[in-house]
Amino acid sequence: MKMLNIVNGPQNVSNIVLGCMRMPALDVKAAADMINSAYKMGINFFDHATCYGEGEAETRFGDALPLTGISRDDIVLQSKCGLHFDRGEFDWTKEDILASAEASLKRLRTDRLDVLLLHRPDLLFDPAEVAEAFDKLYDSGKVLHFGVSNITPGQLELLKKYVRQPLVFNQLQFSLDQTQLIDCGLYINNLTTDRSTDRDNGILDYCRLHDITIQAWSPLQKGMFGGCFVDDPEFPELNAVLARLGEKYGVPKTAIAIAWILRHPANMQAIAGTMDPAHLKDICDASKVTLTHKEWYELYLASGKFLP
């Protein structure tokens, strides 16, 4: 497993993260087995959110971790706050950030979050309120590092005007199917394709310029939640290249798809959302692979893109 030292953030963290959104489907023992399996594969970074199972994902993890024998000090716990689908609103008010963080700490049975992310933008957010909440959490030692999820450069700049702690992560969707993070830079000024449309205000380059590590969510998904493109008959050309490169490197097709993300010089993390240890092993095999420049482009083109 490749380990990363995050600028202004946690050190020696795995570049593959276990996303725990689906953990409520497991009982406590199965959850403990899943955590143990991930840790033995080299994963020491676990991603949560207050909205995952309306808190059940954090509760299950908090109940399961003591059964694993893994020291709390040997893992990184990240959670996200702000999404309230039950209330029909996104909320970055000071009161909600503080209440969400306290609830996460209680459910995870820990005295601190290593990372807290703001989870998608609250359209009414007041950056001064966010800063007050972050200061209180940081000064109390309850949150060590901060970041965001699905946030634009302008929103980040507005936050940074008020927030004194570095914003060290931005979770963004990125996969061989969902390549909008990089497409605009290639197809710039090209009216023949809507891939030239700037959908995120250059967030990839912004994050690289400002030492913000991108965490790629749904790295194997087609669409937002349309299922996995690996072995999907809708992607015959892509799967043929994945298979050929998998045979070359001695890893499954899934590993090649993840290795494609990790090959990018932005040094991203990939969030694996599976609760199947065998599938997770296939994903972690990506750490054995460093694709060539040509192979990276070959996969990109096989996913349905073209060189302008």
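The table for this structure:
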{"quantity": "Number of the exception - I188 against (1) without any contact (Cβ under 8 Å) to a residue 60 or more places away in the chain; (2) under 15 Å from T213 (Cβ atoms)", "calculated": "(2)"}
{"quantity": "Test: residue in the stretch 223-245 that is under 30 Å from P166 (Cβ atoms), under 15 Å from the mean Cα position of the chain (by Cα) and not in a helix (DSSP H, G or I)", "calculated": "yes"}
{"quantity": "Of residues in the stretch 1-16 being in contact with a helix residue (DSSP H, G or I) (Cβ under 9 Å, 6 or more places away or on another chain) and aliphatic (A, V, I, L, M), the one surrounded by the most Cβ atoms within 10 Å (Cβ to Cβ)", "calculated": "I16"}
{"quantity": "Which numbered condition S196 misses (of (1) over 23 Å from the mean Cα position of the chain (by Cα); (2) closer than 18 Å to I6 by Cβ)", "calculated": "(2)"}
{"quantity": "Pair list, Cβ < 6 Å and 6+ apart or interchain, from the stretch 226-254 residues that are within 11 Å of L176 (Cβ to Cβ) and at pLDDT 95 or above to residues that are surrounded by 13 or more Cβ atoms within 10 Å (Cβ to Cβ) and basic (K, R)", "calculated": "F229/K222; V230/K253; L242/K253"}
{"quantity": "Residue satisfying all of: in the stretch 88-119; more than 22 Å from T152 (Cβ to Cβ), in contact with a Ser or Thr (Cβ under 6 Å, 6 or more places away or on another chain) and not hydroxyl-bearing (S, T, Y); surrounded by the most Cβ atoms within 10 Å (Cβ to Cβ) among these", "calculated": "L113"}
{"quantity": "Selection count where residues are crowded, with 19+ Cβ neighbours inside 10 Å and part of a helix (DSSP H, G or I), scope the stretch 40-54", "calculated": "1"}
{"quantity": "Residue list for the stretch 55-87, filter: hydrophobic (A, V, I, L, M, F, W, C), in contact with a helix residue (DSSP H, G or I) (Cβ under 8 Å, 6 or more places away or on another chain) and either touching a residue at least 60 places away in the same chain (Cβ under 8 Å) or in a loop (DSSP other than H, G, I, E, B) (or both)", "calculated": "I70, I75"}
{"quantity": "Residues satisfying the stated conditions in the stretch 88-122, i.e. assigned to a helix (DSSP H, G or I) and either of a type in the set (G, A, S) or touching a Lys or Arg at 6+ places or on another chain (Cβ under 6 Å) (or both)", "calculated": "A99, S100, A101, A103, S104"}
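The values are calculated or read from the model by the stated rules, or taken from the named source; none is laboratory data. Owing to the predicted nature of the structure, the values given are computational and were not obtained by experimental measurement. Glycine gets a Cβ as well: all are built from the backbone with ideal geometry, and neighbour counts include every protein chain shown.
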